[in-house]
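Single-structure report; data block below.
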Amino acid sequence: MPKGPGAKSELHRAFSLLLFNSKNELLLQQRAKKKITFPGRWTNTCCSHNAHIETELEEEPHYIGMRRAAIRRTQFELGITDLQVEDLRVVSRILYYAESCDRFAEHELDYILFAKKDIDLDFAANPDEIDAV
């Protein structure tokens, strides 16, 4: 499956969070240019991986572990503390493969999460993760 010389990734679980406000505006982020994978690219509100700990591997009810992972990473990347587990809905899962460069690729079972909530926009994005929102 990898096309670039050396690009490789084992199939693993991940999530993609799409956070909308009450006006149906979507919060997007631009990945930091110093990131190893997909530097400088505009993407969803937050995407990452669940930690290999019991509370983020738990499936029931309704993929609660993946929702907890999304909250943790949204706090770390964006500094957003307004989200709660019950705000997030897993709406789908997709198999995803994308090459970032000739060395790195993503091969994921990606849980697609939606949230609709007006959040405090006075958050401080982590500059190691995000260049712009």
Restricting attention to region 15-37, which residues are buried (at least 17 other Cβ atoms within 10 Å of the Cβ), out of contact with any Asp or Glu (no Cβ under 6 Å at 6 or more places or on another chain) and either more than 18 Å from LEU109 (Cα to Cα) or of a type in the set (Gly, Ala, Ser) (or both)? LEU19, LEU27, GLN29, ARG31
Only one of ARG41, ARG73, ARG68 is of a type in the set (Lys, Arg) and surrounded by fewer than 16 Cβ atoms within 10 Å (Cβ to Cβ), namely ARG41
Is there a residue being surrounded by 13 or more Cβ atoms within 10 Å (Cβ to Cβ), in contact (Cβ under 8 Å) with a residue 40 or more places away in the chain and either closer than 17 Å to ARG13 by Cα or of a type outside the set (Asp, Glu) (or both) anywhere in region 54-65? yes
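Any read-out appearing in this document is the output of simple, stated calculations on the displayed coordinates, not a laboratory observation. Please read all numbers here as calculations on a predicted model, not as lab measurements. With ideal geometry, Cβ positions are generated from the backbone for all residues, glycine too; neighbour counts draw on all protein chains shown.
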